[in-house]
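A.B. asks: Sharing a structure with you now.
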Amino acid sequence: MNHDFNDFSAGASGDHPALDTDTGKSVGQAMTEHADSEPERWHSVTAGEVRACLHEPTEQDNKYSRGVVLLATGSVTYPGAAVLSAQAACRTGAGLVRYSGPASVAAAVLAVRPEVVHGLGNFGALVIGSGIPDAREDERAALYRSALAAGTPIVVDAGALTLVEPGHKNLVVTPHARELSELLKRLDLAKMSADEIAESEGEAAVLASELLGCTVLLKGRHTYIVSGDERLRVRTPNSWLATAGTGDVLAGVIGTLLATRHAHRLAPKHPQVVAAAAWLHARAGWLASQRAAGLETPPASVHAPALMLDHGPLGGPILASDVAGAIPNVVAAVLAK
């Protein structure tokens, strides 16, 4: 069923309104109810909730119990995405990071992160798509299909969104507005422009999660995470994260937290874990921007509520690699909270 975004508004009308196939309600009715319940609809993630999703290493831990992530990221065209996702996964605390990809890209990854293992093996989460133009034309699509069949958590980014089909709850898709528009259009699920999605204040993520049957993280000025009844929002203190490669970093962070949870055989709780990763990423971007401006940031500021940081200091321009480099400091501040 193809839904037109115009059907979502409270004032939409027509002889044959589009229906939500699960609830039987018109899409317009569903969106009206969403708007009516806005004050309670979105829960802003807190540092305490992020703390609950982090695993502090113990005497019993080893590199495997701390989480094994497989990165199927980067390409000859975009090798940097592999480097950034590997940096992020390592900096977030993965016990072992594996990389699958072209030899030349693997060489670039190992030059920066020699801890990474180039090759396949057991893993607790797959990150695929960052820096891949179209995964349908990439041999690593076989890794996606294998992980899907095994029920392993999969973070699907960028070029791997072309592999996504509805009905796989172990997926975490991480599109920005344009990518989500293209995904829903390809699957003939909804007609929504990138601008409409960006201006929907997260409602597009709600619809996408319902239609796809998986966890959806919608990137933007603020980040929205939706799965089932969970509606989570991560507020970003400033906009310096709007730069190339930060999405690759986010994918690596998510993969690590999912892999760690998988290693400890804990219930998936994808929306909470994904939201925690988005919070760490957003706060690492903020911390990096403060460092770029030469400002000192005590740990209490790192895990302060976002509203307390909204009015500055503004900070300075950052690179995606700066964000990855700031992640350990954010993790440490949250664990010490």
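The values are calculated or read from the model by the stated rules, or taken from the named source; none is laboratory data. No experiment lies behind these values; they were computed from the predicted model shown. With ideal geometry, Cβ positions are generated from the backbone for all residues, glycine too; neighbour counts draw on all protein chains shown. Protein only, heavy atoms only, side chains kept; ligands, DNA and RNA dropped before computing areas. Shrake-Rupley method; radii C 1.70, N 1.55, O 1.52, S 1.80 Å.
A.B. asks: So how many residues does region 60-83 have that are more than 22 Å from ASN122 (Cβ to Cβ) and either in a helix (DSSP H, G or I) or at pLDDT below 95 (or both)?
C.D. replies: Count: 3.
A.B. asks: Of all residues in region 67-100, which are open to solvent by 10 Å² or more (accessible area, probe 1.4 Å), hydrophobic (A, V, I, L, M, F, W, C) and under 12 Å from VAL253 (Cα atoms)?
C.D. replies: Residues satisfying the conditions are LEU84, CYS90, ALA94.
A.B. asks: Turning to a different aspect of this structure: Quick one: which of ALA208, ALA141 is over 14 Å from ALA82 (Cβ atoms), open to solvent by less than 30 Å² (accessible area, probe 1.4 Å), without any contact (Cβ under 8 Å) to a residue 60 or more places away in the chain and within 16 Å of the chain's Cα centre (by Cα)?
C.D. replies: Going through ALA208, ALA141 in turn, the sole match is ALA208.
A.B. asks: Limited to region 144-177, what total is found for residues that are of a type outside the set (Val, Ile, Thr), at negative phi and either more than 16 Å from the chain's Cα centre (by Cα) or in a loop (DSSP other than H, G, I, E, B) (or both)? Show your work before the answer.
C.D. replies: First pass over region 144-177, keeping only residues of a type outside the set (Val, Ile, Thr): 144-151, 153, 157-161, 163, 165-171, 175-177.
Going one step further and asking which of them are at negative phi, we end up with 144-150, 153, 157, 159-161, 163, 165-166, 168-171, 175-177.
Adding the requirement that they be either more than 16 Å from the chain's Cα centre (by Cα) or in a loop (DSSP other than H, G, I, E, B) (or both) leaves 144-150, 153, 157, 163, 165-166, 168-170, 175-176.
Of the residues in that region, 17 qualify.
A.B. asks: Say whether the condition of being among the β-branched types (Val, Ile, Thr), over 22 Å from VAL97 (Cα atoms) and either open to solvent by 10 Å² or more (accessible area, probe 1.4 Å) or not in a helix (DSSP H, G or I) (or both) is met by at least one residue in region 249-267.
C.D. replies: No, that holds for no residue.
A.B. asks: A follow-up question, please. Residue under question is ASP248, and the condition is that it be closer than 23 Å to ALA204 by Cβ and free of Cβ contacts under 8 Å to residues at least 12 places away in the same chain; does it hold?
C.D. replies: No: the conditions fail for ASP248.
A.B. asks: Turning to a different aspect of this structure: Yes or no: region 162-170 includes at least one residue that is open to solvent by less than 10 Å² (accessible area, probe 1.4 Å) and among the acidic types (Asp, Glu).
C.D. replies: No; the residues of region 162-170 include none that is open to solvent by less than 10 Å² (accessible area, probe 1.4 Å) and among the acidic types (Asp, Glu).
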